[in-house]
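Down below is the structure, laid out as structure tokens.
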Amino acid sequence: MTSPIPRRDLLGTAAALVGTAATLPVSEAAEISGHLPWSASAGTPPPAAPAEPYVWEFFTADEAALVGAIADRIIPADELSIGGKEAGCAVFIDKQLAGQYGQGTNYYLKGPYRPGTPQQGPQTLETFAQRYRQGLAAMVAYCASKHSGKAFIALSADDQDALLHEMEGGAFYTGPVPSSVFFNQLIQNVREGYFADPIYGGNKDMAGWKLLGFPGARYDYRDVIGRRGEKLDLEPVSLMGRPGWNPA
Amino acid sequence: MFTFRRIALLVIALAVLGCLGAGGLYAFNRVTYANQIAETTVPAPTADQIKRGHYLALAGDCVACHTAPGGAPYAGGLQLNTGFGIVAASNITPDRDTGIGGWTTKQFILAMHRGIGDHGKRLYPAMPYTAYAKVSDADLTDIKAYLDTLPPVNHAVIANQMPFPFNIRLMMIGWNMLFFDFGGAEYKADPTQTAEWNRGAYLVQGLEHCSTCHTTKNFLGADEAGKFLHGTDLDGWWAPDLTSNTRIGLGSWSEDDIVTFLKTGANDRMVAAGPMAEAVTNSTQHLTVPDLHAMAVYLKSIPASDDTGLTPVPPTDPQMVAGRAIYGDNCAACHVLNATGVPGMAPAFVLSPSVQAQNPENMIRTILAGGHVAVTETNPTGAAMPAFDWKLSDAQIAAVTTYLRNSWGNAAGPVTADQVAAKRQQIGARERN
């Protein structure tokens, strides 16, 4: 019989657990009465919306231009709404990569290292910041080799789409992973930038929410819940408000 | 013709006379004090007396001022900002060196009734002897009996931290002559009123010392004549009008509304927050319902303060339009779009005295920094209001406050962004993101 976890690992882990148990701190549970252990301003407010003009925190100017161009092919401007670049998707991704997301602080990055299953999510040691840096460089190189030295932003929309299709099919490697992995990462992050709250840098003027009819960060629908089948046309609300909050 | 010399002589003469007078006053003070506190044997207090004393000490809310934040109860140290300087509340545990362990009951009564402390030292009226003067000798004797049962805590407090000239305690003799001596006397029952009314008046004017916060003050910090419980600013909070004024006072509250508010910290219309939350938590929740009802009966009998009719700001005003949008998106989840609130939790704003108060500072500061409803035995998980300082600009808070003050039957002056900016700075709230 084969065990998915080698016996030696299991025994080692068990021994470590026993060692931990002996040093666990005494419970810090406390009975509280007469007051609430909470203060109104204790929480950390969400980040402030990026200032204009935006100064890139992670991307170089060339990287930023490339990501903007990619965002505009993933969500092109049309008669319904603005495109991914104008919506600030590159700004959104830049802020994310410069922060905790880029450093992978919410991922377990210690051993043991084994290939995982797709169901187990990303199974890589590279941070998202590293993936972007390597991925964009690989993309620049691949584009130059395919289009006699031309940059992605200089290509026609059709050529850009064709290159992205190749990337989606895993035509080259971005660092240790096939280009399809980076492509999916780009799709995911551009979508997030288009639809996340504008305080994170994308979704300019709540364009993404207006496109969907999403009413934003509202707390309460009791006064409209009875109006079934009716188009409500609620102006979306960001965490930092909406234009209607300002006295004209 | 006046010469320089004659003027100088006159000044010196006046100074000498002044010194003699002050010295005489001081000596007289010491002698009379010794006479005033001389005491023969006092019978040991009964258990019942101590229990009554405990109840009365809670009614007087002694603990509120005589306890430093995080300090031992009644051991003093809380710094009170009087507007003239800092006075720290004294240690009133029975410690003989730093508390009042060596005090006789007579000595205690003299301090409570006349504001005369140890060795004839004049107390500052931050200690509300002007109200405690109404309290009977019997009740004060019981309070002293209770305080004597507390564990003595050795905690020396430097009470007088006032700047010159207010640090001269003898000045209080003059202050008392002006504002206290002719009015400050034990409560005399009004024979034309019911026993319940008289009990309520005794509590409101005496131990509960409501006027300390709720009565308009003159430039020397004394209660302004004819403004009893008309509301006033207290260190950045508005202590509201408690008269029968229907717009800004208690005129639209029933007696039961008042009782429920004082007993539980909230009622169907309003919640106690800020300094009043402390008053409810530390003091009024512990009073019996009959005592609270007596207070309500008395409060409801206080004639309404003057109030001129106000025209509400029209709903088309830009502040009102923006205020309505802000209210719907941020406030309505708890306070409800038609402003009926959640009873006992989120205040209602319909025909609301607190919303229409002469000074909107409580609303401004609560929107900025959030707040807590009083925690009581009946309402142990007092609700909380989140802070909006990070989210709303001064102009937006001014707009929503103006909207509240002029909707659902309310009519009160609009609020400016400058008022909000000043309050943001005063209470150290965060800037908007």
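The values are calculated or read from the model by the stated rules, or taken from the named source; none is laboratory data. Predicted, not measured: the structure shown is a model, and the values here were computed from it. So basically every Cβ, Gly included, is an ideal-geometry build from the backbone, and we count neighbours across all protein chains shown.
Things to note:
- Qualifying residue in the stretch B:311-320 (condition: in a helix (DSSP H, G or I), in contact with a Phe, Trp or Tyr (Cβ under 8 Å, 6 or more places away or on another chain), within 14 Å of chain A (Cβ to nearest Cβ) and closer than 19 Å to residue B:410 by Cα): yes
- Annotation: of all residues in the stretch B:348-367 being over 22 Å from the mean Cα position of the chain (by Cα) and away from chain A (no Cβ under 14 Å), the one that is surrounded by the most Cβ atoms within 10 Å (Cβ to Cβ) is B:349.
- Residue check for residue A:119: at pLDDT below 95 and outside any loop (DSSP other than H, G, I, E, B): yes
- Whichever residue in the stretch A:204-232 is on the phi > 0 side of the Ramachandran plot and in contact with a strand residue (DSSP E or B) (Cβ under 8 Å, 6 or more places away or on another chain) and, among such residues, is nearest to the other protein chains (Cβ to nearest Cβ): A:216
- Among residues of the stretch A:204-233, those that are under 22 Å from residue A:132 (Cβ atoms) and touching a helix residue (DSSP H, G or I) at 6+ places or on another chain (Cβ under 6 Å), counted: 1
- Odd one out for residue B:274, checked against (1) closer than 30 Å to residue B:85 by Cβ; (2) buried (at least 21 other Cβ atoms within 10 Å of the Cβ); (3) within 14 Å of chain A (Cβ to nearest Cβ): (2)
- Near pairs, Cβ below 8 angstrom, 6+ apart or cross-chain, from the stretch A:139-167 (assigned to a loop (DSSP other than H, G, I, E, B)) to any residue that is of a type in the set (Gly, Ala, Ser) and at pLDDT 95 or above: A:150/A:144; A:151/A:144
- Restricting the stretch A:39-64 to residues that are crowded, with 16+ Cβ neighbours inside 10 Å and either within 23 Å of residue A:135 (Cα to Cα) or over 20 Å from the mean Cα position of the chain (by Cα) (or both), the residue that is nearest to the other protein chains (Cβ to nearest Cβ): A:40
- From the options B:338, B:330, B:359, residue that is under 17 Å from residue B:315 (Cβ atoms) and touching a residue at least 12 places away in the same chain (Cβ under 8 Å): B:338
- The set of residues from the stretch B:368-402 being at the interface with chain A (Cβ under 10 Å from one of its Cβ atoms) and in a helix (DSSP H, G or I) comprises B:368, B:369, B:395, B:396, B:398, B:399, B:400, B:402.
- Members of the stretch B:27-60 found to be acidic (Asp, Glu) and at pLDDT 70 or above, listed by number: B:48
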